[in-house]
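What follows draws every value from the coordinates through simple rules; no lab data is involved. Bear in mind that the values here come from a model prediction, so they are computed numbers and not experimental data. We place every Cβ from the backbone using ideal geometry, glycine too, and count neighbours over all the protein chains shown.
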Amino acid sequence: MSRQLLARQLRELMGSVDSLLQVYDTDSIVDANAALQKRFDACNAAGVAVHQHWVQTEARARGAPHAARATAALDWIQPCVDAGVVPWLSRALKLTPPKAARVPDGAAPLGARRNAASSLVIVGPSAFMLLEHLLDQIFELMVYGDAQHKARAQQLLATLHGRDFMAPAAAAFRAWTLFTACLALPPTREALDAGGGYDAAGCLVQAAAAHSAGALAACKYSRIGCALLVNRMNACGLPAVHTAGAAAAAPVPAPVAELIDALASSRLVPVAAGMLLGAPLVDEALLPRAPGVPHPRDRLAVDVQAAAKEAGQALCALQSAHMRLVIVRGATSGPGVTELGRLLDSPDVTALRHALLERLAAHGGLAAAAAEGGGGAAEERAWRRRRG
């Protein structure tokens, strides 16, 4: 499939999402009608087309030589650039916090609250999917590409991991976590359902599915950002051992300092941890299935498991970067050290570490897990306890 075709499919998906958002950009109650359903059908069809293209891209790269994997990555990245995916993502992510704040606002008109919730479940799935796929392919290009490819990947990663993009992205992930937590409360759904004509429970199910996909995107974003930080330390020649004198007193290299500032100011890693821990429990049998898109059983659990793996790798890289600065400085405070230390010590990161350890213990059949019943049920209880 050609790059031109994918660029067109991406434009159709983003355009169809924007078209629906325009409908719901009102404080009045939006009634279902044939014209609205046609817009939803167009959006679903565009999503299916992009998903099928993604499946083919993954199939091409799986087990292929490095050069072929780099080409497959470029065949996804270039259409994203041509279609303006990053600027669209920036706009879509910035919509999330104000919409999420409107849903629980009892002083707002009922139509405004409903429309805010509907807008989120319209834009969230596409935004999270496009961000996660783009990050995945840029990282593929950096790993498997030649020197020119790596330079291109570094340039794209610099854009996505700059403060201007990372801050609104982290704010969107945080807002989505609060949105699903709010929507999971019965009083919220009762308020939205008041007077009839709305399905708040169905909205929650769709929000939960998007939340799991968002957690995967947030954790992958964090993992690549932390890996990029270590990469920049290497590229800048930052020593891995303590050196007294000028080296220890030297300022943190600018590329390293800029990424530390973006990570610290956005709090991306703790936000991703909180989103992962906050994935709501819903009955997946209620999820709508778009024709042509295979939806594996326990898809939400699969996304959460993949996100947990990404989060673990992110924390390892972040810990490595932090310890490197501690060793170089010969102190546990100072520029860079303090900021990264705060991220690692944040409550959500600490809670996630405990949750991952408890899941590991339960999965390994240790005594505490066995006393609770052992097996997958004990592992799940350990995970849920920490999320609470």
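What are the ³J(HN,Hα) values, in whole Hz, obtained from phi via the Karplus relation 6.51 cos²θ - 1.76 cosθ + 1.60 with θ = phi - 60°, for each residue of segment 6-12 in sequence order, with x given for Gly and Pro?
Using θ = phi - 60°, the values come out as 5, 4, 5, 5, 5, 4, 5 Hz.
Roughly how big is the chain's charge dipole about its Cα centre, with Cβ charges of +1 (Lys, Arg) and -1 (Asp, Glu), in debye to the nearest 20?
Details: 37 positive and 32 negative charges, 117 e Å.
The calculation lands at about 560 debye.
Summing -39500 (n - 2.57) over the DSSP H runs of n ≥ 4 in the chain and dividing by its residue number, what mean residue ellipticity at 222 nm do you reach, to the nearest 500 deg cm²/dmol?
After summing the helix terms and dividing by residue count, I get -26000 deg cm²/dmol.
Counting only trypsin sites (Lys or Arg not before Pro) that are in a DSSP loop and have at most 13 other C-beta atoms within 10 Å, tell me the longest site-free stretch of the chain.
In the chain, the maximal stretch lacking such sites is 63-288.
Starting from 0.36 nm per residue, how many nanometres of slack lie between ARG342 and LYS38 once their C-alpha separation is accounted for?
Roughly 104.6 nm would be gained on extension.
For segment 196-204, just list the computed ³J(HN,Hα) in residue order, Karplus coefficients 6.51, -1.76 and 1.60, θ = phi - 60°, integers in Hz, with x standing in for Gly and Pro.
x, x, 9, 10, 5, 5, x, 4, 4
Given C-alpha coordinates of segment 3-345, what is the ratio Rg to Rh with the Kirkwood estimate of Rh? Spell out each step's value before the answer.
Values: Rg = 21.3 Å, Rh = 21.2 Å.
Checking Rg against Rh, the ratio lands at 1.00.
If I take R0 = 25 Å and measure r between the Cβ atoms of ASP25 and ALA301 in this structure, what FRET efficiency does the formula 1/(1 + (r/R0)^6) give, to the nearest 0.05? Kindly include the intermediate steps, with their values, before the conclusion.
Numbers: r = 34 Å, r/R0 = 1.37.
Plugging the Cβ-Cβ distance into 1/(1 + (r/R0)^6) gives 0.15.
With θ set to phi - 60°, apply the Karplus curve 6.51 cos²θ - 1.76 cosθ + 1.60 along segment 103-112 and write out the HN-Hα couplings as whole Hz, x wherever there is a Gly or Pro.
Calculated HN-Hα couplings, in order: 4, x, 6, x, 7, 7, x, 4, x, 5 Hz.
On a straight-distance basis, which lysines could pair with LYS309 in a cross-link, Cα separation under 25 angstrom, same-chain partners fewer than 8 positions away excluded?
Straight-distance partners of LYS309: LYS150, LYS220.
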